[in-house]
Structures are given as C-alpha cells and as structure tokens.
Amino acid sequence: MTARPRKPKAPRVPESAVQIAVRAALTWHGIRSAHVANGGSRNPIEARNLKAQGVLAGFPDLVVWKPGHGMACIEVKASDGTVSDAQEAMIAQLEADGVPVAVVRSVDDALAAVKAWGWV
C-alpha cells in the first residue's frame with residue numbers, strides 16, 4: 001500500500017510581517033496608522049509602569065485614521081492566530097463606544113475593512 005502524498009502546508013507568515021505589509025498598504029491608500037506596543041514580556045516594574053501610563057490589555061495593534069474619515073482600530077493576527085479573551089472584550093468595548101475595529105490576517109482583509117468603512 002502506497003501512502004498518499006500530503007498537500008504541503010502554506011508557510012506560516014509571522015504576525016509582525018503581516019502588520020508591516022498591512023501598514024504599507026494602508027499608507028499607500030492615504031491611511032495613517034500607529035502601532036500600540038502592548039505585547040511582549042515585561043518585568044514586573046516595567047509592566048506596572050506601562051499600565052500606569054495607559055497600556056490596556058487586549059488593545060488592538062494599530063490605531064488607524066484617514067483625514068476626514070475618523071479613526072478605527074485593527075487587530076493583526078497571523079493566519080493561525082486567535083483572538084484572546086482580553087482582545088475580544090476590548091474589541092466589544094471599542095465597538096460599543098463607536099470605534100470600528102477589524103481583525104485582519106492579511107493585506108486583503110485590511111483593505112476589505114477600510115473599504116467597508118468607506119475609506120477607499
């Protein structure tokens with residue numbers, strides 16, 4: 001009996017690479033963005049200091065805006081990434097406050113979101 005050949009998996013693209021590509025595409029469309037550096041490991045003193053400065057658990061990766069169109073947020077994930085409970089709660093809060101939020105895994109996802117917002 002011969003084993004069936006397996007379909008090769010698509011290579012995993014790191015979340016940081018997706019975010020860099022998303023920012024480049026948004027910039028090309030006249031959309032400005034700023035990264036919110038909430039992630040990463042911190043020692044307890046640094047974590048306490050950042051929290052006092054306003055770091056919020058679950059806040060999306062990018063704050064985006066287009067002059068004349070308002071502001072929104074984008075949470076960037078790798079293709080196999082999942083949204084954490086803190087992220088789900090923050091997204092729900094932002095949307096309840098009237099801030100559009102999109103979770104994207106590619107440039108195409110990001111462009112679809114800004115198109116839905118009427119920005120392109």
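Computed quantities for the displayed model
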| item | result |
| --- | --- |
| Backbone N under 19 Å from the Lys115 label point (7 Å along Cα→Cβ), restricted to region 21-54 | 21-32 |
| The chain - percent of accessible surface contributed by carbon and sulfur, probe 1.4 Å | 57 percent |
| FRET efficiency for Ala21 and Asp97, using Cβ-Cβ distance with R0 set to 41 Å, rounded to 0.05 | 0.90 |
| Compactness of the chain as Cα Rg over 2.2 N^0.38 Å, two decimals | 1.26 |
| Label-point separation in nm, Ala86 to His69, each point 7 Å along Cα→Cβ | 3.0 nm |
| The chain - accessible surface per residue (Å², probe 1.4 Å) | 67 Å² |
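The values are calculated or read from the model by the stated rules, or taken from the named source; none is laboratory data. Keep in mind it's a predicted model, so treat the numbers as computed, not measured. All Cβ positions, glycine included, derive from the backbone under ideal geometry; neighbour counts span all protein chains shown. These area figures cover heavy atoms from the full protein model, side chains too; ligands, DNA and RNA do not enter into them. Shrake-Rupley method; radii C 1.70, N 1.55, O 1.52, S 1.80 Å.
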